[in-house]
1. Could we say that A:PHE655 is crowded, with 17+ Cβ neighbours inside 10 Å, part of a loop (DSSP other than H, G, I, E, B) and touching a strand residue (DSSP E or B) at 6+ places or on another chain (Cβ under 8 Å) here?
2. Out of A:LYS145, A:LYS126, A:LYS192, report the one residue that is of a type outside the set (Asp, Glu) and surrounded by 16 or more Cβ atoms within 10 Å (Cβ to Cβ).
3. From the list A:ARG144, A:ARG95, which one is out of contact with any Asp or Glu (no Cβ under 7 Å at 6 or more places or on another chain) and within 30 Å of A:ARG411 (Cα to Cα)?
4. Got at least one residue in the range A:582-594 being without any contact (Cβ under 8 Å) to a residue 40 or more places away in the chain and not in a loop (DSSP other than H, G, I, E, B)?
5. For B:VAL181, all conditions in the list (1) within 12 Å of chain A (Cβ to nearest Cβ); (2) within 23 Å of B:LEU105 (Cα to Cα); (3) at pLDDT below 70 hold save one; what is the number of the exception?
6. From the list A:PRO312, A:PRO281, pick out the single residue that is within 24 Å of A:PRO26 (Cβ to Cβ), more than 18 Å from the chain's Cα centre (by Cα) and either away from chain B (no Cβ under 11 Å) or surrounded by fewer than 22 Cβ atoms within 10 Å (Cβ to Cβ) (or both).
7. What is the one condition in (1) buried (at least 17 other Cβ atoms within 10 Å of the Cβ); (2) modelled with pLDDT under 90; (3) in a strand (DSSP E or B) that B:LEU31 does not satisfy?
8. If I filter the range B:148-175 down to residues being more than 14 Å from every other protein chain (Cβ to nearest Cβ) and in a loop (DSSP other than H, G, I, E, B), which single residue comes out as modelled with the highest pLDDT?
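The values are calculated or read from the model by the stated rules, or taken from the named source; none is laboratory data. Computed from a predicted structure; not experimentally measured. Using ideal geometry, Cβ is built from the backbone for each residue, glycine included, and neighbour counts are taken over all protein chains shown.
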Amino acid sequence: MGEFEVHRVRFFGLVPAGVRCLACHPRGSRLALARTDGAVEVYNFAANYFQEKVIPGHELRTVESLCWAAGDRLFGAGLSGDITEYDLSGLSAARGVDGGGGPIWSMVANSTGTQLAIGCEDGSVKIFQVVPGGIQFERNLDRRKGRVLCLSWHPSDTHIVAGSIDFFRVIDVTSGQTVQRIMVNHHVEKAKRECVVWAISLLSSGTVVSADSFGRVQFWDWEQGTLAESHTVSTSAALSLAVSEKEDSIIVGTSTGATYQLQLLPVTLGGQEKRWVRTKPFQFHSHDVRAVAHSPTALISGGLDAQLVIRPLMEKIQKKSYDAALRKFTFPHRRLVSCARKARLLLFQFSQYLELWRLGSTEETGKDGEVLPLCQMPEHLVQLKSKGPEHIYCSCVSPCGTWVGYSTASRFHLYRVHCDGDGVSLRKVPKVPKLLPPAYQLQFSADSDSLFVASARGSVHVFQLLEPGGCKHLHTLRPPSGCSEAVYLLAPSADGHWLAAVSGDWVSAVVPSVHCPLLQHHCTVPTYNCAVSALAIHPSTNNLVIAYSDQQLLEFSIPEKQYTSWSRAVQSRGLHRAWLERDSPITHITFNPKNPSHILLHDTYLLCVLDKSLPLPDDSTLLMNQSTLKQLPETARKRQLHAFKICKKFQPLLFMDLLDENCLVVVERPIMDFKTQLPLPVQQKKFGT
Amino acid sequence: MVAPGALRVVRCGGSALRGARAVFSADSKYLLYVSGDFVKVYSVNTEETLRLMGGHADLVTGIQLNPHNHMQLYSCSLDGTIKLWDFMDGIPIKTFTVGTKLLALYTLASAEDSVFAVIPKKGERDTFQLVSVTLTKGAGQDLEGKELSVVLDGVGASMKHIAFGREVCSPSGFFFLLCSVGWLVLVFFSQMNCIFSLSTTKTKGGDNRFSCVVCHPKEDCIATGHADGKIRLWRNFHDKKEYTYSTLHWHHDIVMDLAFSIEGTRLLSGGVESVLVQWHNESSCQKDFLPRLGSPIEYISMSSDGDLCCTLHTDNRISIINSNLRFSRSIQGLIKSRDVKTGLVVDPRTKALVLNGEPGHLQFYSLQSDQQLFSLDIVQRQYIHQAGLKQSDLVKVAFSAQGTWLATVEESEEVTDPELQLKLWFYNEEIQSFELNTRINTPHDNHITDMCFRDMDELGDDSLILVTTGRDCVFKVWVMVEDTDPEGDVSWSCDFVGSYHNYQATNCCFSEDGSLLAVSFEETVTVWDSLTWDLKCTFCHPPGNIRNICFGRLTCSKYIIGATDYGFLCCWNLLTCALEWSAQLNVVVLQPDPLSEYIAAISWLSKESSLFVFKPNEPLPVYIQRNLCKDKILLAAFVPRDEPEITSSEKYPWLRKSQLFFLTDTQICETKILLTFFFKLAVEESLPVTPFSLLLGKHRHQQAQEDTDLGKLVVHNKQKQASPAVKELLHTPAHVLPSASFLCTIFINSLLISKEKKSAEEVADEVEMESEKAEDDSDEEDITAMEQEDTSHMELLGEMTCKLSKSQEKELRKIRKMDYSWISAL
């Protein structure tokens, strides 16, 4: 018999939305990503590409283009015709400004970030001024027939190049006149298909780079209107294009899922003459690569297969570090599953609905690694659709399984679940207090009689849940000093005395919980320069275990307001290198009541039981040593043991929780299951098939 | 004995045309290519081989035009010399002796008086180094080229592993690069240090070992071919970190060679797919193909004006291809089949050698022009290149005497249940080719082991008979029958099936007049009357199965010769039905000359082949050439001469009417390619017959005579001999044993102790001292002993059939003596 009985859940049918566009922050520290469902995410390069902020989508707000302007302001524009500014601290979209030219296909900011140019369906290119608190229409540039699919500013902001179907044109910004109109298909005799210029870029040398639906990347001299070079990179369309800041490297994404790098290389060693050469091909995606970005050290691509791939350029990286490895992200860096431990229910959060499942059960026992037959199959209890076009921000089911809450951008909903025999009834709790900003995280207390709602500006609302179905706002906890960022993680303690909250400006605050008479802020964990990816309070010792996005683990004693000695030992010794170079952040932490020294944590690819009583591994030992340990005799095994016991059996792992002392639930989403739900990729002949 | 050195072995054809990349002359009118030890000059326009430049003593491994004089050519060879030729006149200008094996040659325009060569590193196996060889200027023709300076260690042995790049105007000079199986190195020549090196490893994705490297003629770009079929184009390689490459991928297996066009805009690549791929502008999307080139491409070379390119194929063919990828013409050498199952057959019509060509084809190879005359598709089925696929292949070929009929046997590679087809082809004068006449499915139930036509010129077509022997223990006789249809065509059908004690039939052979057919069944030779198909007599020489049989010709037509597995050569007299003589010789090839009574036997013993030529009526061979060549001789054939040769006829009567050709295989361990060469025996012309040489020859002959006189019969301990004699007695099949009354006396005799034993032993000592010159004594004695045992036993058998008089016995003894002396030469 193994240590745990594991519920291996594979019925969470999550299909992440494809990546539509990418925007690299000009200073290269952040990456904004928009998905096809309208969600906008911000990744922080410094914090191991952690998915720092997520703004859920909206049915009516598709995002075709994102750009950073005026410092750290993020703008998005889409086919709704609106330009939207995103509130990154409040994690919401501000009200949009109508572009006035029909659906917007592209938007770019100029080099200083003071102006935005949009390309519209009606063929117009409009310039907006970025002003504090919003944007202001400035002027219309020369309008020609044909939708403007892509735009690019000249680095000196004097010209804009606009790509359309079959042609692109160069517009003088000051006069607003089209100074050059180039047919991309002119030299092809009797071209039957139209040629869509999907992406374009204007280099400082005056060269226009275009990527078109014929799979060509072409280099034009815009002043002469002549074609300088043409590279057919693919037999299908070239969809996206990004130029490095030094303008010596280009990444092109194609509809076959391949990306290509083009480099400006000297023709002869030490010679002055340079030429663009197609160099490395990469095949990371299975579907269209709709968005590419070129950071100084990496090629970034996002495809309709929902993958974000960060491929480092080895020659630009000075030393071997986390950045030097290829990173692929498919699943979000946060929890979409919550678990009612006592009632054995799982709540799955999709973009517009929730699903409540009851776990199956078995009466048999077996040996380690054996699959037990189910006597009761898992049961899909209820599907709860959110009303309106807004997508769900967060959701939670109470530990007793009778309360379900979720929040959208504008509303907070609480439901009472009644399970009587086979029937399940869901009743909306009336008169839920209205919250103005959205809730970013919901958490029920362990005894299910109160609900914590994480909210904007570092505040946490506390609701009291009343039988048979009601709730009352008790009070709002606020951080001592003003905090502008929203709280995105909550962790109540098992005894109900403590609540830990994490806010966006990376302060981990600990506030005493409801039952304490004073309800005051207790302490703040020392600031760390990385985002918190998961945290939990130990049920018996009330130690707060925090996992950071750079894979550091800290243990903070709440009563003593300081790091524990174990945590200090870990810090002084350093974690194992293999642990630090892992791909994805820890998304959930839980504890084993049977063995207080055990901490259970998981990321997308592994499940780890951290045993504090065992010595820490050093870099010379193998981190993932479970399989080798199994082969060793008992005595030798003792010597080889170290604190990290890692299991990689369940992949990709979206959620893991401990139901009781020896029962574990894991939620997997096999990549193949999810790939089959994607549309068919472009047919390609493969040799040998 | 025969004076050694008078005859020598000449490599006369079938050599690999792909020893090195071919070179076009500067005006693209001539193609220079390597053919074994020779360099050939081929005119591209007239499709004629103009000149044959020979002089190297071993394989030529590299040819390069002299960059300072386009009418001159450098060639290097494994014999350790570099030769400079005037290829327009075909004369050697200079010979530079380097002294070590040269494996590849490179020339550079900027290096005035030196060339680069790859040599094996001294003291280390399988390690090679690139050296620059200073070509000293001197007046004479033969010069020393021993001034070597090592440029780089650890390079690959193949010429494809090194390429010299463009000369850079900057002070760094020109660069060259090398790729070996594991690494790519870029070296700037002036600095003589490696500035860029890259090792490849076998990754999970595939096997990306380098297979070849070429340099872009105008730009700093290197193209490398890889074992996984990819071509990588490297650029920016002056920087250790910022180097970059792009990949072109079409080939599914190793890229054998690459070539850039003169401007570098086109890149040609070839591999095992037999497709020449042309890549434009280094783009993976724009490519052209020239498919169906017949066999894997090994080398590609481009002419300097970019008009032509030529590919060298593994089947020994050179294809010349136009710049617009149109196949132009080809030079086909001898195709090296994996396994020459058909043996060497001479086409009576063209005097061409006929053997397995490309899979399922029969090639007609002209030895005079060293070219394939034509290829006859026998199997007539698409050949699919795939490992493990069972293919049908041609295994047996026989021509009728006039060459009007051709019989072929093909079988699939299945071991247990072969799919057999016997095809008979008739030569059609109008189309000048063979036409299929009859196809017989499953002529035998098991593999066909041998096949022969009855060779009768005078009797005409009616007597034409084909005999096939099979492992299904029968031989079948096939005759022509007239078809019933009005056109009066003929077809073939089975006439007689013979078998013998359910033994597997292994060989068959007709006597010269066609009246007798000899078929060997495992250990026994049976002789059949070809008119009545009665079994006439049997011969047996245990132990060992019969490997080859043949009838004697002309004056020796009463003899039949057989060679057995255990190394015996036996000659039986058909008139007396007795063993005439036998000798211990591990005969691999037994080949009678069709125009004379001579028979050539080639033996294979302790890693060397020896040739014995004999007349069946004399047990003493006419000619012995020991250590004919180091390789195992697989097959041999006598090819009739057009005119009988007179000059050498006195000394070598057996070479008067025919020439002996033989085929060897040389397995080069590194590349695992079978190189096959044709050799012929030619009379050494440079050695004139002087009185002295005659005297010497006479003296030797006398000495040999003395040897034979002195070499009295070595009689062995009879007791020792007795037990094998009894054993032989028991082992001999009962049906060949004479009656017990005969055996009794012999048996008793064998137990008696000889009187002359002592004296004979003394003599034997003398013999050893006098006649054995270079032989290992103990070994020799063993062989002799064996031989004696056997001969005496044979003698027993011989005695059984007819009582011998004293004088006859004496004669027999004499034969034994002679036997001994000849064997001692072994």
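1. Taking the combined requirement at face value, the residue does not satisfy it.
2. On the way: A:LYS145 fails: surrounded by 16 or more Cβ atoms within 10 Å (Cβ to Cβ); A:LYS192 fails: surrounded by 16 or more Cβ atoms within 10 Å (Cβ to Cβ).
None of the other options fit; the residue is A:LYS126.
3. Working: A:ARG144 fails: within 30 Å of A:ARG411 (Cα to Cα).
After applying the criteria, what remains is A:ARG95.
4. Taking the range A:582-594 as the starting set, the residues that turn out to be without any contact (Cβ under 8 Å) to a residue 40 or more places away in the chain are A:582.
Filter again for not in a loop (DSSP other than H, G, I, E, B), leaving none.
Checked the range A:582-594: no residue is without any contact (Cβ under 8 Å) to a residue 40 or more places away in the chain and not in a loop (DSSP other than H, G, I, E, B).
5. The one condition B:VAL181 does not meet is (1).
6. When all the criteria are applied, what remains is A:PRO312.
7. Of (1) buried (at least 17 other Cβ atoms within 10 Å of the Cβ); (2) modelled with pLDDT under 90; (3) in a strand (DSSP E or B), only one is false for B:LEU31: (2).
8. Of the range B:148-175, the ones more than 14 Å from every other protein chain (Cβ to nearest Cβ) are B:148-164.
Narrowing further to those that are in a loop (DSSP other than H, G, I, E, B): B:156-158.
Numbers: B:GLY156: 76, B:ALA157: 79, B:SER158: 82.
Here the answer is B:SER158.
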